[in-house]
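Written out below as structure tokens is the structure these notes cover.
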Amino acid sequence: MGRPDPEEGQLAAPVKPPDGGWGWIVLFGCFVITGFSYAFPKAVSVYFKELMKDFHVGYSDTAWISSIMLAMLYGTGPVCSIMVNQFGCRPVMLIGGLLASSGMILASFTTNIIELYLTAGVLTGLGMALNFQPSLIMLGTYFDKRRPLANGLAAAGSPVFLSALSPLGQVLLEKFGWRGGFLIMGGLLLNCCTCGAVMRPLDMGMKRKTEKAQDKYEAKEMLPIGGKSDEGISTTDGTKKAKKAKKKPKKGKKLLDFSIFSNRGFIIYTISKFILVLGLFVPPILLVNYAKDTGVPDTEAAFLLSIIGFIDIFARPACGMVAGLKWVRPHVAYLFSFSMLFNGLTDICSARASNYTGLVIFCVFFGISYGMVGALQFEVLMAIVGSQKFSSAIGLVLLIEAFAVLIGPPSAGRLVDALKNYEVIFYLAGSEVVLSALFLAMATYCCLNRGKKKEAPVERNPAAGGGSDTEEAESDVQEAEEHSSDNHQPAHNTDNAVVTASEEANHVADEQSGEGGGCPEGDGEVLARDGCNADQTVERDSF
């Protein structure tokens, strides 16, 4: 068997996720990034009243700031995927942190609402998008067996930061005004750069090990071999140069891998997620106004959102732990369907809640189901496409979700203005979420599981999500070793030829001096059995 080529070993295949170690630091960075990405657009709303007074605009005009942030977060998904595939996660996150911070700092010096759209909306939203997507990609590379738990803990950053940034924004508004608040918020967003700096790629460890292996390989080649060491080394070097000359040029990495659309599981997930987003965000957006219309005081109505956030903090990690169980993880898509069904039925059942107690009960169950959805959405996508194609998959999914975000909540607001009835909106939103749950469960069972059973004797279906990235990595490493062994067979045979020639010369010398003490024919038979005689060597070299 030939020696593995260090240079080709470096290209080998992906590194095993450590499921711990530095991964916990990466998880904390992802927790912070997720908190800023989802909570910041909502926390900015505490400044809207002051902005309306200074710029003489209406509430709908100021609300566009948060809408543009969310649109940039979702709509720039493919751009983020291209940049990550081209430059890596860490540089993209560092640039994103600088953009997000500079957007809020520049917004503190604006003089009209249009400038706010361009700075706080476009620039900050783009910066947060360049942080959010790479952080999830890095989380998937560092965790495999504990990935469901890691996704749940990272998703908990959204409710935690929402419960912290909103009161902080109110304090900053009272002490420094909205301009000072925007300036300090911009400084806080510089923490995204710190989180990006800790996103150390796993390839660095592989390169260090490869360099050590290469040094050992070169040292081994420099050792003398029999009486023809110089000739053997020069022959080996010539073989290596010829091999490098014949080596095919490396193929560039795809900037955006559209081949994932051939994955049935990805298509099913995308359709289900589009239907889900149409109704998922409608209830929390309309909840406060719905409570006020039923006669609930303003302070108690605002407290309903705090209840949802508090329950959400504990629901996401708990759901991640459940999804990581051995008997649950192969069926995580069905758990995701159950969480969506739970959320949709909660919306439908709460449509006729007419008192504060009923709304509190709704918030408790909605917080549980909403946390389950948040903890499982990206875990299911990773299980479907794998960590290698996740960067392209999440970018395309977020782009499709952007259209649903722009359709769902605005359409619900127009229906409220036209019908003056919140019950219909809750029924409609709940029905959309239930439909997405049923579609995902039925399509997964009919199109994926049955197909997997039929194709099981031939190949494993990656769309079923039952595999592990660790298993894929191990198989890729084995293929790389076999490939490198085949490439180095000529060099190994050259070494055998040198050794065989030196042995034959020694036998001839022993025979002539009369000190051989054995039959040269017998020695030749031994060489023939070992497969290392001169004739066979010539044949191998010619091959």
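The values are calculated or read from the model by the stated rules, or taken from the named source; none is laboratory data. This structure is a prediction, so every number in the text was calculated from the model and none was measured. All Cβ positions, even for glycine, are placed from backbone atoms using ideal geometry, and neighbour counts span all protein chains on display. Surface areas here come from the heavy atoms of the whole protein model, side chains and all, with no ligands, DNA or RNA. Shrake-Rupley method; radii C 1.70, N 1.55, O 1.52, S 1.80 Å.
The rows are residues; the columns are (1) more than 19 Å from SER306 (Cβ to Cβ); (2) surrounded by 22 or more Cβ atoms within 10 Å (Cβ to Cβ).
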site: CYS363; (1), (2): no, yes
site: LEU376; (1), (2): yes, yes
site: GLU379; (1), (2): yes, yes
site: ALA383; (1), (2): yes, yes
site: ILE400; (1), (2): yes, no
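May I ask you to verify whether LEU335 is over 23 Å from PRO41 (Cα atoms), surrounded by 18 or more Cβ atoms within 10 Å (Cβ to Cβ) and free of Cβ contacts under 8 Å to residues at least 60 places away in the same chain?
On the way: over 23 Å from PRO41 (Cα atoms): yes; surrounded by 18 or more Cβ atoms within 10 Å (Cβ to Cβ): yes; free of Cβ contacts under 8 Å to residues at least 60 places away in the same chain: yes.
Considered against the rule, which asks whether it is over 23 Å from PRO41 (Cα atoms), surrounded by 18 or more Cβ atoms within 10 Å (Cβ to Cβ) and free of Cβ contacts under 8 Å to residues at least 60 places away in the same chain, LEU335 comes out as yes.
Applying the selection to region 51-65, what residues are open to solvent by 10 Å² or more (accessible area, probe 1.4 Å), in contact (Cβ under 8 Å) with a residue 40 or more places away in the chain and in a helix (DSSP H, G or I)? Outline the logic, then answer.
As a first pass, look at region 51-65 and keep what is open to solvent by 10 Å² or more (accessible area, probe 1.4 Å): 52-61, 63-64.
Checking the rest, the ones that are also in contact (Cβ under 8 Å) with a residue 40 or more places away in the chain come to 54-55, 57, 61, 64.
Residues satisfying the conditions are ASP54, PHE55, ASP61, TRP64.
Out of the residues in region 107-146 that are of a type outside the set (Val, Ile, Thr) and without any contact (Cβ under 8 Å) to a residue 24 or more places away in the chain, state the one that is most open to solvent (accessible area, probe 1.4 Å). Walk me through how you get there before you give the answer.
Keep residues of region 107-146 that are of a type outside the set (Val, Ile, Thr), which gives 107-109, 112, 115-118, 120-121, 123, 125-136, 138-140, 142-146.
Next, only the ones that are without any contact (Cβ under 8 Å) to a residue 24 or more places away in the chain stay: 115, 118.
Numbers: GLU115: 68, LEU118: 109 Å².
Among those that are of a type outside the set (Val, Ile, Thr) and without any contact (Cβ under 8 Å) to a residue 24 or more places away in the chain, it is LEU118.
Return the total of residues in region 22-39 being free of Cβ contacts under 8 Å to residues at least 12 places away in the same chain and surrounded by 22 or more Cβ atoms within 10 Å (Cβ to Cβ).
Qualifying residue count, region 22-39: 0.
Name, by its number, the condition in (1) open to solvent by less than 10 Å² (accessible area, probe 1.4 Å); (2) farther than 26 Å from VAL160 by Cβ; (3) touching a Pro at 6+ places or on another chain (Cβ under 8 Å) that does not hold for LEU396.
Going through (1) open to solvent by less than 10 Å² (accessible area, probe 1.4 Å); (2) farther than 26 Å from VAL160 by Cβ; (3) touching a Pro at 6+ places or on another chain (Cβ under 8 Å) one by one, LEU396 breaks only (1).
Counting residues that are more than 15 Å from ILE425 (Cβ to Cβ) and either out of contact with any Lys or Arg (no Cβ under 9 Å at 6 or more places or on another chain) or in the same structural domain as ASP144 (by the TED database) (or both), which helices (runs of 4 or more DSSP H) fully inside region 273-378 reach at least 3? It would help to see each step written out before you state the result.
Numbers: elements: 282-293, 298-323, 332-349.
Correct list: 298-323, 332-349.
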